[in-house]
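Computed from the coordinates by the stated procedures, all read-outs in this text should not be read as laboratory data. These numbers come from a predicted model, not from an experiment. Glycine gets a Cβ as well: all are built from the backbone with ideal geometry, and neighbour counts include every protein chain shown.
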Amino acid sequence: MAIGGGRVLAAGTLADIEGLTGRGTRRLILGPDRVVLPGLTDAHLHLADTALASRRVDLEAAATLNDGLALVAAAHGRLADLDAWLEGSGWDPWRWGRWPTAADLRAAAPDRRVALWSHDHHALWASERTLREMGATGDTVDPPGGAIRRAPDGTPDGCFQETATERVVRLISPPTPQLLDEAIEALARELLGLGVVAVHDPGELAADRTLSGAIRACRMLAERGRLAIRVHVSVRAAGLGAAIEAGLRTGASLGTGEHADRARMGWLKLFADGSLGSGTAALIEPYEGGPGYRGVTDDVMRGAADRSSARNGGDGRGVVVTPRAELRRLVERAANAGIAGQIHAIGDAALGVALDVLGPVCGRTVAMPRVEHVQFATRRDLGRFGPAGIAASVQPIHLRSDVDKARVAWGVRAEANAFPLRGLLDAGTVVAFGTDAPVEPIDPWPGIEIAATRLSSQWVDRRPFGAAEAISLEQAIRAAALGPAVVAGEHDRGRLNGGHRADFIVVPANALIEPVEAGGPLGSVRPDLVAVDGEIAFEA
Ligand SMILES: [Zn+2]
């Protein structure tokens, strides 16, 4: 491969490229045990939240509520300022056997403002002081598309679901620009070390702000030549007006200067439904649920699904977070301004709505309209992506954490219809992989592994899940490298042919062996070398 001006000049035999060398040519001779691949793009990574995650409490490793409270107590002790917020994430009512409450936090973080996201970031656990400052009482009603969990007497008990979380988020002061800039700059370098050269940021998890802080930060970093990777940053509904006013079109550079083309405008990110873990994904047929799942009470699944769906007919089918007509209106308005839509849809009912809404705007923007997650789909809907020109943005690593939830919540339907990777590809869909960090770790390789194996070495029950939906290693790497570039309308990225951007990684060949083994070398592979725009950006 010969590289010049940031692009691949030619790829082939040594004889093909020898004529392109000159005096100043630097030669890299790789051994036969090394393979060059296009650099990976994470098509779904929340940039600001992932960058700031290390400064927050991480409850993922807390096996019980008491373990979690010990971590909260330690974080409380480290915060000298009595008015500082204690933020974090990673608790899971499935893991803890019940939903936590504000009262649980009383001893661990007395009189502290606390806001802790659940593992799936669809619920927020607040302290009594937070509830007080929100003015949340028994008279507070559930907002459209959201639910407030309550004590038997009707008073809010500390957990807020879906759109109800915005009421807590509004109170929390955003990070300072300098803190965010430094955190994103550092995260970009960390991603390079994993072979990730680009990211699609679907916006802040707790988006209630006019324009994402990441847009400002990435524009600034790109202009100063401090952005080591490429980013597409999306806006949420609240930021659409501001984005249109600022003339931000999907694919357009956010700034000027040395790395101007590294920071680009992404999509308009909307939500059709909630999540599997919270029982708020919108389904065609009701949740199965049921007792006996490792001691998880009915409250965890059925309570959440029933309560939150009460406003949607009370039929246990999850939550419609944004009504169809509203999705249509927003997607249309964005498309008229050159901004493509991306709709979060986890349940099969939500997916049908997302495809209906995105279909009519296809072909009107540089990038493809896309559905995020696609965790549960009917066969009929799988066939609708390709012909319409809608892309599927899937995070196969969710399967590792959510396999038990899928089996309980979706029953026998799960194995056939959940995480339908082969079904999507067989129907001609453009598939783009991501991690959904910070919901899952930023390492892309375990997701590539599980897409090919449908099995995780972390599972107690070592039985593949929906084995018929496994894809080949080549298909998985395409979804991690080429798919996101196609979705973004970057026709000069994701391949290493002549004329394409020289974004590439060098990895050990022994990691790329089929059949892929769960817990084998692929899931923990690290590149020796990473180049962006033909420049070596990382070297082990
Ligand atoms: Zn996400």
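222 nm [θ] for the chain, helices only, -39500 (n - 2.57) per DSSP H run of 4+, per residue, to 500?
Calculated from helices alone, the mean residue ellipticity at 222 nm is -8000 deg cm²/dmol.
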Stretch gain in nm, segment R26-D153, where the contour uses 0.36 nm per residue and the Cα spacing is subtracted: 38.4 nm
Rg ratio (alpha-carbon, reference 2.2 N^0.38 Å) - the chain: 0.95
Degrees between helix 324-336 axis and first principal axis of the chain (Cα, 0 to 90, nearest 10): 30 degrees
Computed lengthening from E514 to E18, 0.36 nm per intervening residue step minus Cα-Cα distance: 175.3 nm
Degrees, to the nearest 10: 398-410 long Cα axis against longest axis of the chain: 40 degrees
Protection proxy ranking, peptides 386-398, 509-521, 82-94, average beta carbon neighbours within 10 Å, highest first: 386-398, 82-94, 509-521
Cα centroid of the stretch 347-401 to Cα centroid of the stretch 129-189, whole Å: 29 Å
By average C-beta atoms within 10 angstrom, highest first, the peptides 239-245, 110-116: 110-116, 239-245
Fraction of beta bridges assigned by DSSP in the chain that are antiparallel (%, nearest 5): 45 percent
Angstrom value of the Kirkwood radius, inverse mean 1/r, which spans all Cα pairs in the stretch 1-106: 19.2 Å
Calculated FRET value between A242 and R463, using beta carbons and R₀ = 60 Å, to 0.05: 0.80
Computed FRET value (nearest 0.05) for E535 with T64, which takes r as the C-beta separation and R₀ as 56 Å: 0.70
Alpha-carbon centroids, the stretch 488-515 and the stretch 33-94: separation in whole Å: 30 Å
Separation of alpha-carbon centers, the stretch 249-278 and the stretch 465-480, rounded to whole Å: 26 Å
